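Readers should treat all values here as calculations from the given coordinates under stated rules, not as data from a laboratory. Since the model is a prediction, treat every value here as computed from it, not as a measurement. Neighbour counts are summed over all protein chains in view; Cβ atoms, including those assigned to glycine, are modelled from backbone coordinates with ideal geometry.
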Amino acid sequence: MAAIFPSEEWLNGLQEKLNSDSRYREVAKNWEGDLLFFIEPEGNLDKRLSFYLDLWHGTCRKVEYQPPAGSHPNPTFTLTANYNNITSILTGKLNPMTAMMTSKLKVKGSMGYMMRNVPTVLDFVRVAQEVTKDII
């Protein structure tokens with residue numbers, strides 16, 4: 001059975017997929033940066049969730065589900081979205097770049113770096129979509 005999004009099992013599955021996907025490894029070979037996600041409650045989600053990914057040169061070195069506040073004080077990127085928008089991205093109903101440009105996915109960090117690495121961003125989303133089979 002596939003892990004349900006959002007869950008620690010889903011996040012661990014994402015890490016495994018990122019590290020085993022040769023296409024992602026090639027596309028993201030120059031990426032250097034960690035991501036801290038905040039998912040705001042909405043719809044089926046009744047509390048704020050967070051997760052952390054340490055992405056480096058096409059690999060995911062570490063993930064944390066619900067990391068303690070302050071444990072990652074200076075991530076390269078902090079991304080915030082409400083639950084319905086993040087699930088729309090994960091199911092392919094909302095383009096991630098459109099979500100960023102319309103503030104449905106808020107990004108704190110270097111937008112210049114993000115824009116120079118659009119193929120990496122889109123392939124990260126592809127992998128996340130592939131591991132997302134069930135959503136609460």
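In the calculated pair-distance distribution of the chain, the portion above 24 angstrom amounts to 21 percent of the Cα-Cα pairs.
Checking the cross-link pairs K17/K47; K62/K108; K62/K104; K17/K104; K47/K106; K29/K104 against a 24 Å limit on the alpha carbon distance flags K17/K47; K62/K104; K17/K104; K29/K104 as lying beyond it. Of the trypsin sites (Lys or Arg not before Pro) found in the stretch 35-104, those that fall in a DSSP loop while having at most 15 other beta-carbon atoms within 10 Å are K47, R48, K93.
Dividing the summed helix terms, -39500 (n - 2.57) for each DSSP H run of n ≥ 4, by the number of residues in the chain produces a 222 nm estimate of -11000 deg cm²/dmol to the nearest 500. Distant-in-sequence amide contacts of T76, defined by a placed amide H-H separation under 5 Å and a gap of 5 or more residues or a different chain, comprise D34. About its Cα centre, the chain has a charge dipole of approximately 380 debye under the convention of +1 per Lys or Arg Cβ and -1 per Asp or Glu Cβ, with nothing else charged.
Here the Karplus curve 6.51 cos²θ - 1.76 cosθ + 1.60, taken at θ = phi - 60°, turns the phi angles of the stretch 38-46 into couplings of 10, 10, 7, x, 5, x, 7, 9, 9 Hz, with x standing for Gly and Pro.
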